[in-house]
Amino acid sequence: MIQKKICMLGGFAVGKTSLVRRFVSNVFSDQYQTTIGVTVEKKCVTVASQEIMMVLWDLYGEDEFQHVRDLYLRGSSGYIVVMDGTRKDTLQTALALQQTAANTVGPVPFVSIINKADMRSEWEIDEHVIEQLRDRSWTVLFGSAKLGQGVDELFLNLATQMVQRPPLSNTHP
Amino acid sequence: MSSDSGRSLPNSPTSEGFTSREEDWTQLRTLLLAPEQTQLDELRERLDHRMVHSQEVSQVLPEAIAIRGVGDQQLSNALTPYVENGFIAAVRKSPRAIVDAIAPIMGPAIRQAIARALQSMTQSLNRSLDESLSIRGLRWRLEAWRTGRPFAEVVLVHTLRYRVEQVFLIHRETGLLLHHVATDAAVVQDQHVISGMLTAIQDYVRDSFGASPDQTLDQVEVGEWTVWIEQGSQAYLACVIRGTPPASLREDVHDALAHIHALHANALADFAGDATPFKATQPYLESCLLAHYERPPKQGALKGWILIGLIVLGVVWWGWMAYQAQSRWSHLLDRLREEPGIVITQARSMWGDYHIEGLRDPLAKAPTALVIEAGLNPATVKMEWAPFYALDAPLVLARAQSILRPPESVQFHIEGGILVATGSASPDWAREAKRLAVLVPGISQYRDDGLVTASISALLDRINRTVIHFPSGSSTVEPSERVALDTVAAILRELDQLVSQSSQRVHLEVLGWTDATGPPARNLQLSQERAEAVVAVLREKRLDKAATVVLGSVRPLDQGGSNQESANQRVATLRATLTAQGQDSQTADP
Ligand SMILES: Nc1nc2c(ncn2[C@@H]2O[C@H](COP(=O)(O)OP(=O)(O)OP(=O)(O)O)[C@@H](O)[C@H]2O)c(=O)[nH]1
Ligand SMILES: [Mg+2]
């Protein structure tokens with residue numbers, strides 16, 4: 001069993017906490033309780049016959065007052081960038097955060113998700129933009145923490161990437 | 001420099017004009033100074049190539065040090081700082097080698113420390129069992145019962161100064177758990193999440209207060225727990241401590257962390273999520289699981305025992321008193337039940353208060369007297385008696401006495417519901433008694449066959465008619481005459497009774513008589529003697545107290561006549577009269 005630190009990144013209220021809670025405890029709440037600082041959760045998964053303990057750092061969401069500090073990102077073996085399909089501005093935040101993460105932890109695997117797929121009709125993020133992200137070689141998934149769609153796939157996708165990558169790539173200056 | 005000039009020699013003749021003159025000078029110098037030059041070169045060689053020199057020194061160095069060392073301390077003084085510095089440098093450079101070297105010494109020491117900690121824990125557990133018997137123990141039991149916590153935990157909270165319950169070894173950069181130990185008693189939540197949170201908290205605090213990386217969070221307090229964080233370069237230790245740890249514990253934690261860093265430097269540097277290698281840190285983490293328990297003051301225990309002793313004494317005393325009161329109470333009930341004229345219908349005792357209800361003949365013995373006799377305080381015994389007539393013989397008798405008021409000369413006794421009166425009484429009383437007796441509760445019949453009834457005058461008359469005969473010339477009362485005197489005595493007694501109510505007394509005169517024969521002087525004397533003899537007999541019957549007896553002497557009856565007549569004159573006669581009291585002394589003296 002190996003342990004991996006994984007950070008949840010994204011703008012405020014995009015559904016980071018909801019995704020983690022859906023993944024770890026399979027629960028969802030409509031009530032919005034903003035995360036202050038960090039909440040750590042844990043779940044063990046097995047990919048490619050390798051047991052991984054995913055230690056999930058659910059960070060507070062970035063907004064104009066609070067920028068996510070690289071401090072929390074240190075030592076991550078991977079990260080998840082969350083966007084809210086109904087809010088176009090969360091895409092910009094995601095791009096900025098991914099940049100910060102790449103600068104801090106280096107080229108570790110990451111997956112991005114556009115959340116709230118259950119409200120697809122209200123989405124502001126269109127296919128064109130998503131294509132642009134994929135061109136930057138982002139993994140872009142769709143999902144809904146509310147319905148539980150694409151949640152397990154999201155985390156397992158990242159876990160698989162982390163296992164496949166040779167361990168040396170995790171050691172960085 | 002010198003080697004440059006040496007090398008320039010063969011190159012010099014190549015170009016310039018005055019080369020030949022230079023050559024000559026050199027040749028001349030060589031010729032003149034060749035031996036000196038060789039020596040000079042040799043010396044230079046020596047100076048330049050120290051190795052040669054060192055080789056020689058090395059041959060004498062050990063001896064030199066030995067000789068100097070014997071002489072004085074200067075050599076070791078001079079060397080000490082260098083040796084020290086050298087050692088520090090060596091530790092910095094390869095701590096592992098040093099630790100490897102000293103581990104065999106440290107290992108047993110650490111094991112000993114752990115053993116001691118365990119020992120003290122067992123002792124304190126044993127003590128918690130002892131505690132359960134002391135006053136304090138009882139108080140804690142009460143607290144455990146009240147708060148619903150286990151007794152052992154309550155004891156722990158009260159006696160524990162501190163106890164390190166969990167130790168986390170956490171990778172600093174990732175916040176991932178490297179290893180974790182806990183005492184058996186500790187409640188361990190998800191240690192992986194905790195280690196992540198502990199790391200996140202530190203980051204958060206640093207982020208929020210803008211602290212520099214070397215300013216670290218050392219302590220977190222959560223309820224009765226304190227979390228101590230000891231920072232290391234690659235990993236940090238978090239100790240979850242219950243109670244108030246001493247500052248010296250920091251050093252122990254610090255040492256443990258330093259050892260771990262030294263032993264696992266490579267594993268720490270290469271850590272990529274696999275915590276397996278850090279299982280080996282177990283003994284170091286366990287060495288931090290220290291605890292200290294408070295020793296209860298001895299004196300307190302003594303005080304507790306004295307208190308218990310007093311309580312036991314008190315209980316025993318109370319029990320003894322209760323037992324005594326109880327036995328007094330049952331004794332009182334027995335006595336009351338035995339007592340004629342008292343019937344108990346209800347009796348109960350409550351906390352030293354007693355209550356009796358029943359029936360009581362007004363003539364029965366006063367129950368309060370029995371209460372006092374039984375040793376109980378009459379104030380604590382409440383009694384309610386309903387009056388009734390008892391049929392017990394003594395009570396019926398007493399009742400008859402109180403209703404019929406018989407004179408002293410009358411005796412009553414009961415024969416199976418029949419009241420029997422004996423003795424003598426006035427006809428008036430006898431008649432009244434006969435009428436009332438059957439009305440007395442408990443008496444079915446009245447018998448007074450044995451009761452003599454007579455009026456005072458009749459009795460006086462009977463006395464006065466009594467004549468005691470004497471033989472001729474004798475003053476001795478013949479046995480045949482005594483019967484008459486017995487009757488007199490009885491009548492006198494009766495009279496005495498009868499008159500006792502009035503302020504009268506029976507006055508009795510005894511008169512002696514003689515016949516005419518014989519000289520008158522002798523006759524006078526004889527008559528006197530005869531009267532005295534009668535008085536003496538009456539006195540024998542103890543009538544001196546019952547009646548006043550007056551001795552009378554008279555002249556012989558001045559009567560001539562027959563023998564028969566003279567026999568009639570050899571007598572003593574009695575004259576009983578009633579007198580007012582207080583005249584006895586006058587009449588007593590003739
Ligand atoms: N309809 C819908 N609502 C969602 C979904 N996921 C999250 N939400 C709602 O979005 C709100 C924010 O969710 P959170 O999970 O708290 O968001 P967050 O990113 O953790 O927010 P911060 O901690 O403040 O950064 C909540 O009211 C959720 O109920 C989803 O998939 N569909
Ligand atoms: Mg949140």
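The values are calculated or read from the model by the stated rules, or taken from the named source; none is laboratory data. Because the structure is a prediction, the values reported are computed rather than measured. Here the Cβ positions follow ideal geometry from the backbone for every residue, glycine too, while neighbour counts run over all protein chains shown. Calculation scope for accessible area: heavy atoms of the full protein, side chains included, ligands and nucleic acids excluded. Shrake-Rupley method; radii C 1.70, N 1.55, O 1.52, S 1.80 Å.
Observations, loosely collected:
- As a fraction of the 1.4 Å probe accessible area of the range B:118-293, surface on carbon and sulfur atoms comes out at 56 percent.
- Distance from the Cα centroid of the range A:82-109 to that of the range B:434-455 is 135 Å (rounded to whole angstrom).
- B:Glu143, B:Glu22, ranked by accessible area, largest first (probe 1.4 Å): B:Glu22, B:Glu143
- For B:Val410, distant residues with modelled amide H under 5 Å away: B:Ser424
- In a fully extended conformation the segment linking B:Asp41 and B:Ile311 would gain 86.2 nm over its present Cα-Cα distance, using 0.36 nm per residue.
- Dipole in debye (nearest 20) - the range B:329-425, about Cα centre, beta carbon charges: Lys, Arg +1; Asp, Glu -1: 140
- Label positions at B:Ala66 and B:Arg161, each projected 7 Å from the Cα along the C-beta direction, are separated by 5.4 nm.
- Low-density loop positions, trypsin sites (Lys or Arg not before Pro), the range B:416-519 - DSSP coil, at most 15 other Cβ in 10 Å: B:Arg465
- Look at the alpha carbon pairs under 8 Å that are at least 6 residues apart: their mean separation over the length of the range B:311-387 gives a relative contact order of 28 percent.
- With 10 Å² as the minimum drop in accessible area between chain alone and full protein complex (1.4 Å probe), the qualifying residues in the range A:13-50 are A:Ile36, A:Gly37, A:Val38, A:Val40, A:Lys42.
- Theoretical FRET efficiency, 1/(1+(r/R0)^6), r = Cβ-Cβ of B:Arg431 and B:Trp318, R0 60 Å, to 0.05: 0.35
- Span-rule helices in chain A, defined as complete DSSP H runs reaching 18 Å or more along the axis (Cα) with Kyte mean at least -1.0: A:89-105, A:151-164
- Computed from phi, the 3J(HN,Hα) profile of the range B:233-245 under the Karplus parametrisation 6.51, -1.76, 1.60 (θ = phi - 60°) reads 6, 10, 9, 10, 9, 10, 10, 8, 10, 9, x, 10, x Hz, with x in place of Gly and Pro.
- The region of chain A that goes longest without hitting one of the GluC sites (Glu not before Pro) in a DSSP loop, each with at most 15 other Cβ atoms within 10 Å, is A:1-63.
- Spin-label pair A:Asp89-B:Thr244: with each label point 7 Å from Cα along the Cα-Cβ axis, the two points sit 5.2 nm from one another.
- Cα-based convex hull volume of the range A:2-164 per residue, rounded to whole Å³: 105
- Accessible area (Å², 1.4 Å probe, nearest 10) - B:Asp255: 80
- Accessible-area order (highest first, 1.4 angstrom probe) of the listed residues B:His331, B:His355: B:His331, B:His355
- Sites B:Val57 and B:Val83 - FRET efficiency at Förster radius 22 Å, r taken between beta-carbons, to 0.05: 0.65
- With a 1.4 angstrom probe, the accessible area lost at the A-B interface totals about 1900 Å².
- Largest-first principal axis extents, alpha carbons of the range B:311-387, Å: 48, 18, 18
- Legend: mean number of C-beta atoms from other chains within 10 angstrom of residue C-beta atoms, peptide A:59-69, equals 1.
- Computed accessible area, B:Glu42, all protein chains, 1.4 angstrom probe, square angstrom: 120
- Here B:Ser94 sits with roughly 50 square angstrom of accessible surface, probe radius 1.4 Å.
- Each of B:Ser500 and A:Gln99 was given a label point 7 Å from its Cα along the Cα-to-Cβ line. The distance between the two points is 14.4 nm.
- Charge sum, other residues only, whose C-beta stays under 14 Å from B:Gly450's C-beta, Lys/Arg counted +1 and Asp/Glu -1: -2
- Table column - 3J(HN,Hα) (Hz), the range B:180-188, Karplus curve with 6.51, -1.76, 1.60, x for Gly and Pro: 8, 10, 8, 6, 4, 7, 6, 8, 9
- Each of B:Glu478, B:Glu339 has its accessible area taken with a 1.4 Å probe; listed largest first, they run B:Glu478, B:Glu339.
- Cα coordinate range in the range B:298-430, projected on the principal axes (Å, largest first): 96, 26, 24
- Remark: mean inter-chain Cβ contacts per residue of A:4-10 equal 2, using a 10 Å Cβ-Cβ cutoff to other protein chain atoms.
- Antiparallel bridges, percent of DSSP beta bridges restricted to the range B:399-547 (to nearest 5): 50
- Counting 0.36 nm for each residue step from B:Gln215 to B:Glu22 and taking away their Cα separation leaves a gain of 61.9 nm.
- Take the range B:118-293 with all the other protein chains still there, run a 1.4 Å probe, and you get 47 Å² of accessible area per residue.
- With one equal scatterer per alpha carbon and no solvent term, the Debye-computed log10 I(q)/I(0) for the range B:370-418 at 0.24 1/Å reads -0.89.
- As a calculated quantity, the FRET efficiency between A:Glu122 and B:Arg149 at R0 = 56 Å, using C-beta atoms, amounts to about 0.55.
- Set A:Lys5/B:Lys279; A:Lys16/A:Lys43; A:Lys42/B:Lys93 screened for pairs whose C-alpha atoms are more than 27 Å apart: A:Lys42/B:Lys93
- Dipole of chain A, positive direction: furthest Cα of A:Val55, A:Gly143, A:Gln66, with charges on the beta-carbon: A:Val55
- Within the range B:391-453: Cβ-based charge dipole about Cα centre, in debye rounded to nearest 20 (Lys, Arg +1; Asp, Glu -1): 160
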